[in-house]
Structures are given as C-alpha cells and as structure tokens.
Amino acid sequence: MGSEQRVAAETHVLTLPLPFQGHINPMLQFSKRLASKGLKVTPLSFTDKEWTKAAEHGSVNVQIIFDDTLFAEITDQEDTVYINNLYATVKRRLPEVVAKHGESGYPISCLVYDSLMPWALDIAMELGLLGATLFTQSLAVSNIYYEVHQGKLKVPVEKTAVAVEGMPPLEIHDLPSFLFDLENYPLSLKLSASQFSNIGEADWVFFNTFNSLEDEVLNLMARQCAIKPVGPTIPSMYTDNRVKDDKDYGLSLFKPDVESLFKPDVESCMKWLDSREPCSVVYVSFGSLSILGERQMEEIACGLKMSCHYFLWVVRETEKEKFPSRFLDETSEKGLVVTWCPQLEVLAHKSVGCFMTHCGWNSTLEALSMGVPMVAMPQWADQTTNAKFVADVWRVGVRVKVDEEGIVTGKEIELRIREVMEEETAIEIRKNSEKWEKLAKEAVDEDGSSDKNIQEFVAKLICNST
Ligand code: UDP
C-alpha cells in the first residue's frame with residue numbers, strides 16, 4: 001500500500017442514518033461510495049435489526065449504538081419522545097465510540113449525519129469532529145422547508161396556489177403534505193424545518209440528488225450555503241445498463257438481500273420476472289411506511305386487473321390484512337404479490353415496464369436512474385412534491401387524480417397505467433426516462449458532477465489527517 005492509500009485508509013468517518021429504510025439506504029450507499037474511495041467508514045445503527053447483523057456489508061462494518069432501555073416500547077411513543085431518545089443515545093454513545101476508535105489507532109475525523117438530526121452536528125463539534133449533513137430528500141422539497149424555516153412561507157398553507165422562488169407554479173397539493181395537513185403532522189413540519197437550524201456551521205452539506213436534475217433550485221440554494229449533490233446514491237452497477245447478470249455481485253456496492261429492515265422475497269420475484277416479456281410488468285410499491293385504506297387497496301386491485309398488464313405488487317406484512325383477495329389472487333396468472341422485494345433489482349429487470357410508486361425520494365431517484373417510467377401515486381410528506389416533478393418537470397411519468405372522497409379509483413389507475421405502458425404518450429415518457437437515466441449515470445461516473453464532490457470531500461479529509 002502506498003503512503004497516500006495508507007493515510008486514506010486511516011482517515012476514519014462515522015455515518016449516522018436516521019433509523020428508517022428510506023434514510024438507511026442512501027446513507028449506507030454513500031458510506032460505501034466513500035469507502036470505495038479508500039476511506040475507512042463506520043456506519044452507526046440505532047437498531048439491532050437484521051441488516052446490522054448481516055455478516056457481509058462489503059466495504060463497511062456497521063456498529064450498533066442501540067440502547068434497549070431508551071428504546072423500550074418505542075412504537076407507542078410520540079415523535080418528540082422518539083427524537084429525544086435518538087438524541088440521548090447519540091449524546092451518550094458517540095463520545096464512547098469516538099474514544100474507542102481513537103485508542104485502536106483509527107481516530108474519527110468526521111461525522112456524516114442525516115439532516116433530520118441537526119443536533120448531531122453540535123455533539124460532533126463538542127468532540128472536535130468535522131460535521132457533514134446528508135439530506136435524503138430532494139433540493140426542491142428542501143427549498144420549500146427552508147422557506148418555512150425562514151418564515152417566508154406561512155403555514156398552514158390555505159391558498160390554492162403558491163409561488164416559491166426557483167420552482168414551477170405549485171398548487172397546494174404539490175407542496176409537502178405537512179404544509180397543508182398541519183393538524184395531523186405538527187411535529188413533522190417542525191422537524192423538517194429544523195434541518196436548517198445550524199446548517200451554516202456544517203463543514204459540508206450533501207444532497208442525494210445530482211446537478212442537472214435540480215439545477216435551478218441548486219443555483220438558488222447555493223446562494224445560502226455550499227451545497228454538494230452526491231447522488232443518486234445507488235450502486236453504479238445499477239446505473240451501468242439495464243440488462244444485468246443478476247447473479248454477479250462482484251462489483252456491487254450493495255447487496256439488497258442483507259441490507260433491509262424487511263425481508264425481501266428475492267428468489268420468487270426474480271424468477272417470476274425472468275419468465276415475463278420485456279417491458280410487460282407494472283411494478284407497484286408504496287415504500288416502507290405508507291398505510292393505504294382498505295377501499296384504496298381494492299381500487300388498486302381493480303385498476304391492475306382492468307389494465308390487463310402483468311404486475312408485481314409489494315404489500316407489506318403489516319398491510320396484508322387489507323389485501324383484497326376477493327379481487328385478486330396473490331399469485332394469479334397476471335400478478336405476483338410479495339411482502340418486500342429487492343427493489344433495485346426489480347427496477348433494473350428488463351421485464352419491468354413501469355413503476356406505480358408513492359414517490360418516496362429514494363424510489364423516485366431509483367426509477368429515474370434506471371429509466372423506468374412512473375405512475376405517481378403520492379401519499380404524504382415530500383411525495384406530493386416529488387410526484388409534481390415526475391409528471392410536470394422531468395416528464396418521466398404521469399400522476400393519478402384523487403377524487404372528492406380522497407380515493408384514486410380503479411378506472412383512474414387503469415387509464416394512467418395504459419398511458420405509460422401503451423399510448424402515444426408512453427413514447428415521449430420513455431424517451432425522457434432514457435435521458436434522465438443517462439444523466440444520472442454521468443453524475444456518478446468517475447469525474448461526474450456528484451463523483452467530483454465526493455472526491456473533493458475525501459481529498460480534504462485526507463489532507464486534514466496528514
Ligand atoms: N424498497 C425495497 N423493497 C421494497 C420496497 C422498497 O428495497 O419492496 C426500498 C427502495 O428501494 C427504497 C426504500 O426501500 O430505497 C424506500 O425508500 P423511499 O424513500 O422510496 O420511501 P419510504 O419507504 O421512505 O416511504
């Protein structure tokens with residue numbers, strides 16, 4: 001090992017994801033990308049769930065800072081108690097972790113933390129560490145939360161249309177739901193706005209996005225602080241091309257079957273997809289948190305059935321009791337229903353023709369980076385804004401309409417699926433999807449815009465260590 005490589009391998013970074021699937025995934029991928037540049041990286045985990053115990057994480061070893069006394073009965077507690085518990089755990093455990101690594105000859109130089117835990121920066125600074133925040137939502141959504149933080153955008157928003165600098169005209173339901181549904185989510189909005197509370201003190205501000213995807217809002221926000229896009233934080237093997245050798249993880253930065261809070265049904269999904277024609281399957285998933293009503297589940301089932309396309313539908317274990325088996329069999333000749341799937345592999349599979357998605361930011365970026373057209377069916381949080389961009393800005397999909405009763409009908413679902421799978425519009429959407437797939441790949445390829453930001457970060461840390 002040359003002396004430069006040795007210094008890099010001794011430059012040690014801790015990463016701290018919020019313990020939710022949609023936050024663990026991008027932080028873990030970012031950790032692996034940093035490790036692929038030669039740094040020593042230790043992701044910290046608040047949970048003792050399966051993914052932390054998995055024997056193999058390739059280039060990084062997860063360290064558990066789980067505290068069972070603090071997290072007892074957590075499911076019944078309120079958001080504030082939950083966040084306070086996270087804070088207390090980090091406050092108590094981080095000094096121990098930092099001291100221990102120092103003694104073992106791998107002192108920590110920097111903490112990369114999820115932007116929803118801004119207090120982690122204060123704790124890192126007390127310990128003499130550099131601090132880097134990673135935003136796992138889009139720049140557009142962050143810009144809106146920033147306006148709320150500054151008091152420029154008054155909440156709850158009651159107007160039907162809102163003008164936000166750097167953004168296309170937004171109707172109320174294009175805004176993150178916390179802004180108009182304040183009654184149900186008062187703490188979530190406070191938390192989202194708090195991401196900016198000490199942003200000026202962070203040494204780096206990273207975003208899971210890429211320059212060309214959000215250039216207008218990037219230029220605007222860059223006036224406030226030095227934002228560095230480092231996304232999409234998905235493994236390069238998935239952005240290389242759409243036809244993959246699905247058994248070869250040799251170059252993979254990611255092994256989906258061991259990194260999930262949920263257990264994916266890898267074999268049955270891939271076998272079922274292998275037996276389908278190219279671009280013939282509608283992949284349906286609402287992510288790790290969304291809860292659908294029973295009637296809505298029925299309408300989805302009807303819509304899928306009426307569309308006459310094959311479908312792979314993820315219905316999480318906790319949603320299973322609402323599965324409308326009187327409309328659909330779980331494994332009818334047209335469809336397969338699983339409780340969790342290896343989403344990246346599914347999106348990369350050549351039989352997948354479109355993704356009916358809740359538009360969580362990871363799912364949106366993953367589909368966009370793999371050139372898969374979307375039927376956007378947002379549920380809450382930032383998904384509404386992501387759906388607006390999918391349909392009207394990047395034009396890589398269509399968005400479903402919600403009726404007066406708050407339901408997306410089966411007929412509406414059938415029509416939107418046909419629009420992205422069959423009709424004239426499908427050609428245009430597919431062309432746009434291919435364009436964004438190419439741009440996403442360019443950003444993370446060596447010397448692409450996101451890769452350069454990562455290289456710069458690594459070089460500065462190494463320089464600090466010498
Ligand atoms: N995911 C997966 N298998 C599934 C459904 C989702 O691996 O069956 C992954 C998906 O690839 C994404 C994450 O879970 O990385 C969900 O994050 P997202 O931001 O899309 O939604 P959230 O779960 O936070 O609402």
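Just so it is clear, none of the values below were taken in a lab; they were calculated from the coordinates. Treat the numbers as computed from the prediction; the structure is a model and nothing was measured. No Cβ is skipped: glycine too gets one built from the backbone with ideal geometry, and neighbour counts run over all protein chains shown.
Before anything else, pin down the relative contact order of the chain: Cα pairs under 8 Å, at least 6 apart, normalised by residue count, whole percent. With pairs under 8 Å counted, the relative contact order is 16 percent. Dipole size of the chain about its Cα centre, with +1 on Lys/Arg Cβ and -1 on Asp/Glu Cβ: approximately 700 debye, rounded to the nearest 20.
Couplings 3J(HN,Hα) for segment 171-177, derived from phi with the Karplus relation 6.51 cos²θ - 1.76 cosθ + 1.60 (θ = phi - 60°), are 8, 3, 7, 8, 7, x, 4 Hz, where x marks Gly and Pro. The Cα atoms of segment 91-143 define a convex hull whose projected area, averaged across directions, is 4.0 nm². Exposure proxy for SER177, SER449, SER3: other Cβ atoms within 10 Å of each Cβ, ordered fewest to most, give SER3, SER449, SER177. Length gained on full extension, THR339 to LYS152, computed as 0.36 nm times the residue gap minus the Cα-Cα distance: 63.1 nm. In this structure the amide hydrogen of PHE207, modeled in the peptide plane, comes within under 5 Å of the amide hydrogens of PHE135, LYS228, VAL230, none closer than 5 places in sequence on its chain.
Summary value for segment 389-441: 32 percent relative contact order, contacts being C-alpha pairs under 8 angstrom separated by 6+ residues. Projecting the Cα positions of HIS101, VAL141, VAL281 onto the charge dipole of the chain (unit charges on Cβ atoms of Lys, Arg, Asp and Glu, taken about the Cα centre) puts HIS101 furthest along the positive direction. Taking every DSSP beta bridge with both residues inside the chain, roughly what % is antiparallel (nearest 5)? Given both bridge residues lie in the chain, the antiparallel proportion sits at roughly 5 percent.
Under 5 Å from the amide H of LEU170 lie the amide H atoms of VAL162, VAL164, each residue being 5 or more positions distant or on a separate chain, with H modelled from the backbone and absent for Pro and chain starts.
Dividing the helix sum by the residues of the chain, where each DSSP H run of 4 or more adds -39500 (n - 2.57), gives a mean residue ellipticity at 222 nm of -12000 deg cm²/dmol.
Can you classify segment 304-393 as rounded, prolate or oblate using the Cα gyration tensor, where a ≥ b ≥ c are the square roots of its eigenvalues, rounded means a/c under 1.5, and otherwise it's prolate if a/b beats b/c and oblate if not? Note, shape of segment 304-393 comes out prolate. Normalising by residue count, the chain has a Cα convex hull of 142 Å³ per residue.
Phi angles of segment 413-418 translate, via the Karplus equation with coefficients 6.51, -1.76, 1.60 and θ = phi - 60°, into HN-Hα couplings of 5, 4, 5, 5, 4, 4 Hz per residue; Gly and Pro are given as x. Fewest neighbouring Cβ atoms within 10 Å first, the residues VAL398, VAL164, VAL230 line up as VAL164, VAL398, VAL230. Positive-end ranking of ALA163, SER115, SER332 along the dipole of the chain, with charges on Cβ about the Cα centre, is headed by SER115.
For segment 340-466, the Cα-based Rg and Dmax, in that order, read 17.5, 63 Å.
Treat the count of other C-beta atoms within 10 Å as a stand-in for reagent exposure and order SER197, SER109, SER142 from fewest to most.
So the ranking, lowest neighbour count to highest, is SER197, SER109, SER142.
To the nearest ten degrees, helix 139-149 and the longest principal axis of the Cα atoms of the chain are 70 degrees apart.
In terms of its Cα atoms, segment 89-216 spans 58, 35, 18 Å along the principal axes, sorted from long to short. Taken about its Cα centre, segment 95-164 carries a charge dipole of roughly 340 debye when the Cβ of each Lys and Arg holds +1 and the Cβ of each Asp and Glu holds -1. For the chain, find the longest principal axis of its Cα atoms and tell me its angle to the long axis of helix 294-307, 0 to 90°, nearest 10. The angle comes out at about 60 degrees.
Residues whose amide H falls under 5 Å from that of THR409, counting only those 5 or more places apart or on a different chain, are ASP403, with hydrogens built in the peptide plane.
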